[in-house]
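In what follows, a structure is listed as structure tokens, so that the remarks can point back to it.
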Amino acid sequence: MTCDLCDAARLTKRYYEDDVCWIADCEICLVPMVVWDVHDPSPPPEVKEHLWSHLRAVADVEFADVTWTIDDHMRNIPDHYHAHARPPYFWRRGERL
Ligand SMILES: [Zn+2]
Ligand SMILES: [Zn+2]
């Protein structure tokens, strides 16, 4: 079985990487997305906090002028934990609501 996040098509800009997670632009949404290195949908709280803290650091730079939110509803890949940083005024970059 293949998983897009495990394959981690490394085509997009990498913001951050360590031995627990990586952060890159989501290929679909084109917003920063943190991905856990483990193929599992439910990280323990301390891991989730690690992921979110690094996503916050990236998104606070990318979206310095707006209030963004963490979106970890996993619509397309429900079995591998990841979270998007969503700015308030668009769902996908360039697609205003
Ligand atoms: Zn996976
Ligand atoms: Zn996405």
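The values are calculated or read from the model by the stated rules, or taken from the named source; none is laboratory data. Keep in mind that this is a model prediction, so the values were computed, not measured. Positions of Cβ are generated from backbone atoms using ideal geometry, with glycine treated the same way; all protein chains shown enter the neighbour counts. In case anyone asks, the SASA skips ligands and DNA or RNA and just uses the protein heavy atoms, side chains included. Shrake-Rupley method; radii C 1.70, N 1.55, O 1.52, S 1.80 Å.
In table form, for the structure just shown:
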| read-out | value |
| --- | --- |
| Solvent-accessible heavy-atom area per residue, rounded to whole Å², over the chain at 1.4 Å | 59 |
| Selection from M33, P44, A57, by position along the positive dipole direction of the range 9-89 (Cβ) | M33 |
| Inverse of mean 1/r across different Cα pairs in the range 9-89, Kirkwood, Å | 12.6 |
| Approximate spin-label separation D65-D4, in nm, with each point projected 7 Å along Cα-to-Cβ | 3.0 |
| About the Cα centre, charge dipole magnitude for the chain (Lys/Arg +1, Asp/Glu -1 at Cβ), debye | 440 |
| Distance between modelled label sites at E46 and L30, nm, 7 Å Cα→Cβ extension | 4.0 |
| MRE, 222 nm, helices only [DSSP H, n ≥ 4, -39500 (n - 2.57), over the chain, to nearest 500] | -7000 deg cm²/dmol |
| Accessible surface of the range 9-89 [probe 1.4 Å, protein heavy atoms]: carbon and sulfur percent | 55 |
| Degrees, to the nearest 10: 45-62 long Cα axis against longest axis of the chain | 30 |
| Coil-residue trypsin sites (Lys or Arg not before Pro) of the range 1-81, DSSP, other Cβ within 10 Å capped at 13 | R10, K13, R75 |
